[in-house]
Amino acid sequence: MAQDNMFSTSLLSDLSEDESDMIPLDLTGDDSEVSQEDLPEDLPILPLKNAVLFPGVVIPITVGRQKSIRLVKKAYRSNKIIGVTAQKNPNAEDPKEKEIYKTGTVAKILKMLVLPDGNTTIIIQGKKRISIDQIVQENPYLTAKVKVLEEKFDGAEDSHMTAIIHSLKDAAKKILKLNPEIPKEAQVALESIDSFSFLTHFLCSNINSAVKDKQKLLEIHDGTQRAEELLKYMLKDIQVLELKHEIQNKVNVDIDQQQRDYYLRQQMKVLQDELGQGSPEQELEDLRAKGSKKDWPKEVADHFQKEMDKILRMNPMAAEYPVAMNYAELLVELPWNEMSEDNFDLKRAKKILDQDHFGMEKVKDRIIEYLAVRKLKNDLKGPILCLFGPPGVGKTSLGKSIAKALNREYVRMSLGGVHDEAEIRGHRKTYIGAMPGKVIQNINKAKYSNPVFVLDEIDKLSSDFRGDPSSALLEVLDPEQNNAFKDNFLEVEYDLSNVLFIATANSLDTIQPALRDRMEIIEINGYTIEEKIEIAKKHLVPKQLKEHGLKAADLSIDKKALFKVIDDYTRESGVRNLERKIGSLVRDAAKSIAMEEEYNQKLDEEEVRRILGAEVFDKELYQNNKLAGVVTGLAWTAVGGEILFIESSLSKGKGKLTLSGQLGDVMKESAMTALSYLKSNAEQLEIDHKTFENYDLHVHVPAGAVPKDGPSAGITMLTSLASIFTQRKVKNKLAMTGEITLRGKVLPVGGIKEKILAAKRAGIKEIILCNRNKKDIDEIDDRYLKGVSFHFVDTVDEVLEIALLPQKVQNALKFEFSQN
């Protein structure tokens, strides 16, 4: 067994074959008592688990294995001579011939003690090295034929041996000096050893090395070579001990440094007190003074005092101290019932809203209503508004205008991609790096408890294993609960009822139903071309001129040029791309001014085309075709309304229906419903029944790479099929939207304003809608409807009567069928 101490002077009675300490009881080194003739023919062999016995060395061993106990007792009753060798595998309980080393030591049992627990302790002394030639038997214990190995000192001069002895003793003394755990008596014992052989064996027994290394030393026949190899191990031990000593010194230096730092801090504290610069106690008193001036609820005041008392009992050097101080400072800094004064000048508020945003009458009216009620009753809770509409229509920027109109602070929190509940509710103080949620952080940033709080992109919240932030928002956005909002870090209730929350969303489908129920949904539709022109003139052009360092006199864009940019380069519901295109026009002028080149200060349509390049949108794509089976439909998308074409064609076949264009399940069902209606009303529409059986029908909706779905294309599908089967063309510049039933009824659909704007952009003059969508038209400003006429229908027959041109006899397609 590897030793912790190099030398031991105490005899431990509980040492076993696994644990044996090398204890020199007799330092005479007398190993001449045993010769080859003194050994029995078959010598009993005692395997040791974690020890190597050297000649002349005395060790105690506690024998626990039954084979070993039988061997020891029998030997002790006879000549007391046994062979001792080390095991190759210390875990082997019954070692065989291959599991023991062949080089060992013949030993004499000096004393045997039987312990109360049944184990037997023997004290043995090594005599001579032996070599095991043959194992004679394995039961009841190992016996073997052995040969005594005599010690050799080949080629060693007296001076060389003397040098080795001095080197070994010097190394041993150094180890004794570096290891304070070794008793001082060991040095006295070391000095009394004169025999070169015994000194070598004694040190080999006590070096801090593994069994296999000691076994290698035992197997070396030349005594001088063994001594030199032993010196290498001892020098290695010295290096390890020196390194250990160095590390301990460094640790002591670190401890001394901490004591020094503490002493200096105490001195600094005294100096700070003398200079009046404050101390931890002074900081606590300042916090208490600030807390006494806060207008907060009694529960919060009591909680604050408890926290301050807790901090006072803490050691400023403790890890929890800064966390507790940060928490107390947050309590003091938060605005508790500290509200900015609302400006109740309703005319001023309306003027600000009209200046900053064109249109959006619903939102403006709702804000004016809120101000009016607040003016009459000064304790109205803040409403939870959700501005819903396509990108680029000004939902987020509207929050700033509302804050300006109300004379309140403005804060914004982006919820796009937030998937950790702690972002809303905060972390508990027990976590490292804990902090309050974004709601409390933004309120603290606003310094007032009634800001305008914009929750941007609320429809893009996500959830994962860290929680569901949309569920955490339920408490924030519930007017009946948010007067007692509890942040995990804050631990006390905070009143959010005075905050005016404004959420923005592009789609309501992805908002959790419970969360959507807590908000007042206000839909913001896309802008007409006329509105975009006004927005560009009043807001976008001046903003881009300012951002690019130009003055109003440096560049002007006439109305026709703006119309071209809107119509040919930016087909969208909002004005985000329009602003980018205007920025491109302004940068072209800025480049010319910077390079001192001549340029047109007033941009017309030709200049717009020169700067922006070829038109992005081709008007021809939006004009009606002159072929039967092609119908223009209206669709709603997340970026506003769009028009789409539905094309149908017939080819000879067996009545197969093919649908293409990445259609969703609802659109496929609309096509099948339309075909079933035509089959059941073929005679009324003057369609030969054999047409359905002898011709294949293919319905396609460009563009094929864009997924499409929804019920709005129902009447468009039916009109397209009716047109191709009757060969009656569809009226020019006509579009339609509506759902159909199998009985031929037309049902209402949504997104009417966006669809109408898309139709106007495409040059559509007539639109067919369900009669129940008339209420949606009544809510739209008349100026948006200028130039478009509407047909309100209840049945499919009315749609076909309006959409299909009368069939002329000379141009009618006559289907000829085979007699078969």
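Any read-out appearing in this document is the output of simple, stated calculations on the displayed coordinates, not a laboratory observation. Note that the structure is a prediction, hence the values are computed from the model and not measured. Methodologically, a virtual Cβ is constructed for each residue, glycine included, from the backbone with ideal geometry; neighbour enumeration extends over all protein chains shown.
Some observations on this one:
- Amide H to amide H distances under 5 Å link D558 with L603, where only residues 5 or more positions off or on other chains count and H is placed in the peptide plane.
- Magnitude of the charge dipole, region 409-475, Cβ model with Lys/Arg +1 and Asp/Glu -1, debye to 20: 380 debye
- Paramagnetic reach from K543 in region 347-371 [backbone N under 16 Å; point 7 Å along Cα→Cβ]: 353-360
- Candidates L477, V746, Y101 compared by Cα position along the dipole of the chain: farthest toward the positive end lies V746, with charges placed on Cβ.
- Measuring r between the beta carbons of H221 and N89 and using R0 = 25 Å, the FRET efficiency lands at 0.45.
- Computed from the C-beta positions of A189 and L110, the FRET efficiency with R₀ = 25 Å rounds to 0.90.
- Applying both filters, DSSP loop and at most 13 other Cβ atoms within 10 Å, to the chymotrypsin sites (Phe, Trp or Tyr not before Pro) of region 367-436 gives Y431.
- Taking the DSSP beta bridges with both ends in region 620-811, the antiparallel portion is around 55 percent.
- Amide N proximity, region 513-531 versus R366 label position 7 Å along Cα-to-Cβ, cut-off under 18 Å: 513-527
- For region 461-477, Karplus couplings with θ = phi - 60° (6.51, -1.76, 1.60), whole Hz, Gly/Pro x: 5, 10, 9, 8, 5, 8, x, 10, x, 5, 6, 5, 6, 4, 5, 5, 9
- At most 10 other Cβ within 10 Å, DSSP loop - trypsin sites (Lys or Arg not before Pro), region 535-625: K551
- Residues whose amide H comes within less than 5 Å of that of I768, counting only those at least five positions distant or on another chain, are A735, M736, T737, H791 (H built at 1.01 Å from N in the peptide plane).
- Quarter of Cα convex hull surface for region 36-227, i.e. mean projection, nm²: 11.9 nm²
- Helix-derived mean residue ellipticity, 222 nm - over the chain, DSSP H n ≥ 4, -39500 (n - 2.57), to 500: -12500 deg cm²/dmol
- Against the main long axis of the alpha-carbon atoms of the chain, helix 714-726 sits at an angle near 60°.
- Computed magnitude of the charge dipole of the chain (debye, nearest 20; Cβ of K, R +1, Cβ of D, E -1): 2740 debye
- Remark: spin-label model distance E283-E669 equals 6.6 nm, labels positioned 7 Å along the Cα→Cβ axis.
- Among L353, A422, F202 - extreme Cα towards positive end, dipole of the chain, charges at beta-carbon: L353
- Summing Lys and Arg as +1 and Asp and Glu as -1 over all other residues whose Cβ lies under 11 Å from the Cβ of E642 gives a net charge of +2.
- Remark: spin-label model distance R260-K375 equals 7.2 nm, labels positioned 7 Å along the Cα→Cβ axis.
- Comparing F563, A552, G613 along the charge dipole axis of region 529-617, the residue lying farthest to the positive side is A552, per the Cβ-charge model.
- Using a Förster distance of 51 Å, the FRET efficiency for S584-R428 (Cβ separation, nearest 0.05): 0.50
- Amide H contacts of K111 (H built 1.01 Å from N, under 5 Å, at least 5 apart or other chain): I123
- Rounded to the nearest Hz, the phi-derived 3J(HN,Hα) couplings of region 660-672 under the Karplus curve 6.51 cos²θ - 1.76 cosθ + 1.60 (θ = phi - 60°) are 9, x, 6, 7, x, 4, 5, 5, 4, 5, 4, 5, 5, where x marks glycine and proline.
- In sequence order, calculated HN-Hα J values of region 488-495 (Karplus, 6.51, -1.76, 1.60; Hz; x Gly/Pro): 4, 7, 5, 6, 10, 6, 10, 8
- Charge dipole magnitude, Cβ of K and R +1, D and E -1 - region 36-227, Cα centre, debye nearest 20: 620 debye
- With Cα atoms, 0 to 90° folded angle of helix 395-406 axis to the chain main axis: 80 degrees
- Spatially proximal aspartates and glutamates relative to K96 (Cα-Cα < 19 Å; intrachain offsets below 8 disregarded): E17, D18, D42, D133, E138
- Acute angle (nearest 10 degrees) that the helix 346-356 long axis makes with the longest principal axis of the chain, alpha-carbon atoms: 80 degrees
- Low-density loop cleavage sites - trypsin sites (Lys or Arg not before Pro) in region 80-178, where at most 13 other Cβ are within 10 Å (DSSP): K96
- Gyration tensor (alpha-carbon) shape descriptor, region 729-788, a/c threshold 1.5: oblate
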